[in-house]
Amino acid sequence: MESPRKPPERSPLWRLVPLVQQHKLRFWGGMSLINFGRLLEAFMPLYLKMGIDRIAAGDMRLAHPALAILGLMVVRYFAFNYGRRYVREVGVEIAFNLRQRLYWHLELMGPRFFSQFPTGDLMARAINDIALIRQLIGMGTRLLFVLGFSGLIAFIFMFYQSASLTLLLLPALPVFAVIGWVLAKKIFNQSTLVQEGFSTLSAQVQENLNGIRTIQTHAQEDREIDRFEATSDAYARDYYKLMFLNSGLTSAMLIATGFTTLLVVGYGGFQVIEGTITLGTFTAFIFYLNMMLAPIKEGGVMVTLFQRGGSAAARIFEILDREPEIRDAPDAAPLDEIGGAITLHHLSYVHPARSGDGWPALNDVSLEIGKGEMVAVLGRVGSGKSTLLRLIVRLLDPPPGSVYLDGRDIRMLPLTQVRGQVAMVPQDPFLFATHIAQNISYDNPSRETEEVWRAAESADLETTIRRFPDRLETMVGERGVTLSGGQKQRASLARGLIRETPVLLLDDCFSSVDTETEEFILSRLKTLRKGRTTIMVSHRVSTARHADRIVVLEEGRVAEVGTHAELLAKGGLYATLERQQGRRDELVQSLGGLTESET
């Protein structure tokens, strides 16, 4: 079961430190260059003071201070330029690595996780939240370290120029700290609301685009537009409030620094008039004052970057801290060879999402399936057929000692071996937005074209593909939107057949295929799968009758097991289903028959 690990004691921001340390040479090298540039900048007012005092004394020897300032500016430019570049590169690389780590982690998660986190929400975290972390590291940390260093250096040089003017600033410093502290928490909380709102917005857009046909066929466009407008308005309100807090913080800092500057200029001007300090000293002091107040003026930006980045980091680590539901046992070991014999031993399973209702999907199922046997699983809707297949391929995790593959508990086999040697064709096929050939050969894109054609022929898809102008290179669109339901199912079946695995699981994958096509595929399947184990779930008796054995499930229990003839002779649930479907087929034929949906 997926569950969060014990929440870390450190804040999300501290958890980013190890990621920065992986690039410490470039990060601290960049910081050192920028700080070196700031140190050079601190010497420029000294030469400016020298020039002004010489002019005031009638001394026009200005070449030395002018050249010194020019040289400092050139070196400072290169130090700043390369330093910022290195720090930004670290931010970009950390964002790239974090996004890769998140994507890899998502690939390991199980169905329960994805029922809790909508796709749009996960996309927002992977794109928007990680972009905020990149800004935090590439710009926020630079502001923190560099502006802090600048303020310290400026304070030292200011004190050297005029201790009395410098001491005048001390009462103002706590004011800046209080303003930042009060608004920082509010910005963090509001930033979290904004990012959650963006996730909700993304999830709603993704859901609507996926369900656009349902929306249109039910004429619900106006309602969905109104629903999206309401979500968008809520997001906009939260975002405007965040911008208001950011602007408020910046404005408060500017007002406070402006008042401080006015106070220093007034008192410093008085000292110049009184002759306590020279005009050059006063000018240099004003430069240092601006240098020291720059971190405070940028404090609003820095606080925003850290609070939004911290909120984004918390949302990313919320995902990374969740353990995969299904993972390899510590002592899992692969089998040398998979034969395909499957044993179900008192298998019971309750879906985690339904654990409170006390109604198991499967209840005490025991079954022996020999190597090379074709077994059909039949039953009414909700009888546990699909759950059974998902447990065998470990898309769901069976209880220990309940599912065996070639005599080994399937939980003691590596997931890569189980899923590599047990192919499953789902009822709801998923096709990638690429051409047909890549969809069929998804497990191995380097397969020969002849292999792809053979798999398509086995799934009775070859003739259909040859009618397309681009044949195997035909693009199927997102989720196979250009194909009919039956064509998508047959493409998915071809994808499973081409793997030639020892075990093949077919989860009602003929539901959108007409009976004539189904008969052709099943006859080919018995030949192609000879010597290999095949388990097929179906709601059709006409499908199940082709199997060597038929297992009938009722409310999660095995109701009957036998061949088609044996089960008909028993007169149980299977015989009842056969009669019901027979009457339905007669009715369909009287109405003109059913064909595969091609549109």
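The values are calculated or read from the model by the stated rules, or taken from the named source; none is laboratory data. Remember, it's a predicted structure, so these values are computed and weren't measured experimentally. In this analysis, Cβ positions are derived from the backbone assuming ideal geometry, glycine residues included, and neighbour counts consider all displayed protein chains.
Among residues of the stretch 412-441 that are without any contact (Cβ under 8 Å) to a residue 60 or more places away in the chain and closer than 25 Å to GLN487 by Cβ, those with a Cβ under 9 angstrom from a residue that is small (Gly, Ala, Ser) and assigned to a loop (DSSP other than H, G, I, E, B), sequence gap 6+ or separate chain, pair up as ALA433/GLY477; ILE440/ALA459. Just to verify a result, which residue in the stretch 1-53, among those that are within 25 Å of PHE306 (Cα to Cα) and among the hydroxyl-bearing types (Ser, Thr, Tyr), is modelled with the highest pLDDT? Per the criteria, the residue is SER32. If you go through the stretch 439-473 and keep only what is over 23 Å from THR527 (Cβ atoms) and over 29 Å from the mean Cα position of the chain (by Cα), you end up with ARG467, PHE468, PRO469, ASP470, ARG471, LEU472, GLU473. Which members of the stretch 530-557 meet the condition of being of a type in the set (Ser, Thr, Tyr) and surrounded by 19 or more Cβ atoms within 10 Å (Cβ to Cβ)? Selection gives THR533, THR534, SER538, THR543. For the stretch 497-525, the set of residues classified as in contact with a Leu (Cβ under 6 Å, 6 or more places away or on another chain) and at pLDDT 85 or above consists of LEU505, ASP507, listed by residue number. Close contacts from the stretch 115-136, counting a first residue that is hydroxyl-bearing (Ser, Thr, Tyr) and a second that is modelled with pLDDT under 85, with Cβ to Cβ under 7 Å and a gap of 6+ residues or different chains, come to SER115/ALA353; THR119/ALA203; THR119/GLN206. Criterion first (crowded, with 20+ Cβ neighbours inside 10 Å, within 24 Å of GLY339 (Cβ to Cβ), under 33 Å from the mean Cα position of the chain (by Cα) and not hydrophobic (A, V, I, L, M, F, W, C)) does GLN417 satisfy it? For GLN417, the condition - crowded, with 20+ Cβ neighbours inside 10 Å, within 24 Å of GLY339 (Cβ to Cβ), under 33 Å from the mean Cα position of the chain (by Cα) and not hydrophobic (A, V, I, L, M, F, W, C) - is not met. Scanning the stretch 288-330 for residues that are closer than 30 Å to SER199 by Cβ and part of a helix (DSSP H, G or I) yields a total of 22.
Of everything in the stretch 43-65, what is among the small types (Gly, Ala, Ser), on the phi < 0 side of the Ramachandran plot and outside any helix (DSSP H, G or I)? Give them in sequence order. Matches in the stretch 43-65: ALA57 only. All of (1) surrounded by fewer than 22 Cβ atoms within 10 Å (Cβ to Cβ); (2) touching a helix residue (DSSP H, G or I) at 6+ places or on another chain (Cβ under 6 Å) hold for LEU395 with one exception: (2).
The listed residues are LEU249, LEU242, and the only one of them that is in a helix (DSSP H, G or I), modelled with pLDDT of 80 or more and not β-branched (Val, Ile, Thr) turns out to be LEU242. The requirement of being within 32 Å of the chain's Cα centre (by Cα), surrounded by 14 or more Cβ atoms within 10 Å (Cβ to Cβ) and either touching a residue at least 24 places away in the same chain (Cβ under 8 Å) or farther than 27 Å from PRO18 by Cβ (or both) is fulfilled somewhere in the stretch 144-165, by at least one residue.
When you look at GLN190, is it modelled with pLDDT of 80 or more, polar (S, T, N, Q) and either within 22 Å of the chain's Cα centre (by Cα) or surrounded by 13 or more Cβ atoms within 10 Å (Cβ to Cβ) (or both), yes or no? So GLN190 fits the description; yes.
Considering only residues in the stretch 109-143 that are of a type in the set (Lys, Arg) and surrounded by 18 or more Cβ atoms within 10 Å (Cβ to Cβ), the one that is nearest to VAL205 (Cα to Cα) turns out to be ARG125. With respect to the stated conditions, SER383 is within 24 Å of GLY110 (Cβ to Cβ), in a loop (DSSP other than H, G, I, E, B), among the polar types (S, T, N, Q) and at pLDDT below 90. Within the span defined as the stretch 170-185, every residue fails to be outside any helix (DSSP H, G or I) and either among the β-branched types (Val, Ile, Thr) or in contact (Cβ under 8 Å) with a residue 40 or more places away in the chain (or both).
Assess whether GLU325 counts as being among the acidic types (Asp, Glu) and modelled with pLDDT under 85. Yes. The criterion of being surrounded by 19 or more Cβ atoms within 10 Å (Cβ to Cβ) and in contact with a helix residue (DSSP H, G or I) (Cβ under 8 Å, 6 or more places away or on another chain) does not hold for ALA234.
Pairs linking a residue in the stretch 368-393 that is farther than 20 Å from GLY531 by Cβ to a residue that is small (Gly, Ala, Ser), with Cβ atoms under 6 Å and 6 or more positions apart or on different chains, are LEU378/ALA544; GLY384/ALA361; GLY384/GLY556; LYS385/GLY379; THR387/ALA361. Answer yes or no as to whether THR527 is surrounded by fewer than 17 Cβ atoms within 10 Å (Cβ to Cβ) and polar (S, T, N, Q). Yes.
Of everything in the stretch 527-549, what is in contact with a Lys or Arg (Cβ under 9 Å, 6 or more places away or on another chain) and either under 18 Å from ALA459 (Cβ atoms) or basic (Lys, Arg) (or both)? Give them in sequence order. Result: ARG532, THR534, VAL537, SER538, HIS546.
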